Amino acid sequence: TIQEKPDAIEVERFKGHIKFENVTFSYQPDDPDSWRVSNINLEIMPGEKVAFVGGSGAGKSTLINLVARFYDTSKGRVIIDGYDVRDLDLQSLRQNFGMVAQNAMLFHGTLADNIRFGKPTATMDKVKEFAEIGNVTEFIDKLEHGYETELGEMGQGLSGGQKQRVAISRAALVNPSIYIFDEATSALDTQTEHTVTRALDRVSRGCTTLVIAHRLNTIINADKIVLLGTDDKGHGVMKAVGTHEELLKNSEEYALLYGMKAR
């Protein structure tokens with residue numbers, strides 16, 4: 001349903017300034033009772049790391065999907081560097097994003113091809129450089145064929161943590177201006193999560209970074225934490241915004257959530 005305008009604007013590289021202006025979204029725009037998020041206003045400055053937290057159904061993934069324009073707002077605007085995302089050329093918009101999700105989407109082919117998936121012309125030297133950034137090199141020597149190891153569908157042959165590290169290397173290789181980490185470590189054991197989190201922090205340094213967090217202890221150093229919840233109509237709304245320390249002090253709901261999900 002996403003339509004690109006005939007005169008869509010091409011952008012090369014974002015600075016990463018993101019604004020949500022009175023953003024409301026529903027899969028059924030004519031039914032106000034079905035709003036997934038309602039009247040969200042938020043400004044994210046270039047280079048900030050912003051985490052979205054809250055219970056299931058509060059609208060965390062919805063907001064991320066609106067930034068990347070997988071859906072369009074029902075009301076309000078998402079603006080990046082002064083541009084309404086609906087005015088932008090889709091390919092140039094999305095080339096500015098590096099995304100790592102909970103379930104890393106890998107494909108049948110070599111390990112090297114999976115790393116260079118977003119930039120097929122990347123040399124093997126580049127593949128190896130970004131494999132090191134994503135900590136893929138910690139396990140590559142254990143594979144009989146190294147970078148030429150053939151993976152099955154969905155990365156069959158690698159563990160969950162290994163697939164996540166390949167996904168991080170792939171995202172970093174496209175040199176995005178905005179990173180999106182959608183519960184990127186929630187399926188991992190604690191030790192692997194620590195390794196992957198360090199890799200995420202390393203590749204996203206200096207870039208605007210949007211994080212959906214399952215374990216809140218992974219985002220306590222974020223520049224902003226956005227607490228989402230639901231109102232009495234079940235609409236996703238913004239409950240509070242602040243640093244970890246500010247929210248612990250000023251938001252009983254966040255303090256309770258942190259106590260439940262810190263581990």
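Roughly what % of DSSP beta bridges within the chain run antiparallel, to the nearest 5? Could the numbers behind the result be given before it?
Details: 21 of 42 bridges.
About 50 percent, rounded to the nearest 5.
Give the accessible surface of the stretch 111-169 per residue, rounded to a whole number of Å², with probe radius 1.4 Å and ligands, DNA and RNA excluded. Walk me through the numbers before you get to the answer.
On the way: 3100 Å² over 59 residues.
That works out to 53 Å² for each residue.
As an exercise, identify the GluC sites (Glu not before Pro) in the stretch 135-210 lying in DSSP coil whose Cβ has no more than 13 other Cβ atoms within 10 Å.
Working: sites: 138, 144, 148, 150, 153, 183, 193; in loops: 144, 183.
In loop regions of the stretch 135-210 (DSSP not H, G, I, E or B), the sparsely surrounded GluC sites (Glu not before Pro) are 144.
Modelling each spin label as a point 7 Å along the Cα-to-Cβ direction, I'd like the residue 190/residue 119 distance in nm, to one decimal.
3.7
Any idea how far apart residue 205 and residue 13 come out in nm if each label point goes 7 Å out from Cα toward Cβ?
It is 1.7 nm.
Estimate the FRET efficiency between residue 250 and residue 89 by the formula 1/(1 + (r/R0)^6), using the beta-carbon distance for r and 30 Å for R0, to the nearest 0.05.
Numbers: r = 41 Å, r/R0 = 1.37.
That pair, residue 250 with residue 89, gives E of 0.15.
At 1.4 Å probe size, with the rest of the protein present, what percent of the exposed accessible area of the stretch 94-163 is carbon and sulfur atoms? Write down the numbers at each step before the final one.
Numbers: 1980 of 3930 Å².
For the stretch 94-163, the apolar C and S fraction of the accessible surface comes to 50 percent.
When only DSSP loop residues count, what chymotrypsin sites (Phe, Trp or Tyr not before Pro) in the stretch 15-95 have their Cβ near at most 11 other Cβ atoms within 10 Å?
Values: sites: 20, 25, 27, 35, 52, 70, 71, 83; in loops: 27, 70, 71.
Those satisfying the criteria are 27.
Select from the stretch 99-179 those chymotrypsin sites (Phe, Trp or Tyr not before Pro) which occupy a DSSP coil region and have at most 16 other Cβ atoms within 10 Å, ordered by residue number.
Sites meeting the loop and neighbour criteria: 107.
Give me the number: length gained by fully extending residue 81 to residue 241, i.e. 0.36 nm times residue separation minus the C-alpha to C-alpha distance, one decimal in nm. Working shown, then result.
Numbers: separation 160, 0.36 × 160 = 57.60 nm, distance 2.13 nm.
Result for the pair: 55.5 nm of gain on full extension.
I'd like to know which of 91, 110, 78 lies farthest towards the positive end of the charge dipole of the stretch 78-127, counting +1 on Cβ of Lys and Arg and -1 on Cβ of Asp and Glu.
110
Where nothing but the Cβ of Lys and Arg (+1) and of Asp and Glu (-1) is charged, how large is the charge dipole of the chain around its Cα centre, in debye to the nearest 20? Spell out each step's value before the answer.
On the way: 30 positive and 37 negative charges, 80 e Å.
For the chain, the charge dipole is close to 380 debye.
The values are calculated or read from the model by the stated rules, or taken from the named source; none is laboratory data. Predicted model, so just to flag it, every value in this text is computed and none were measured. Reconstructed Cβ throughout: ideal geometry from the backbone, glycine too, with neighbour counts over all protein chains shown. When the accessible area is computed, the model is the full protein with side chains, heavy atoms only, and any ligands, DNA or RNA have been set aside. Shrake-Rupley method; radii C 1.70, N 1.55, O 1.52, S 1.80 Å.
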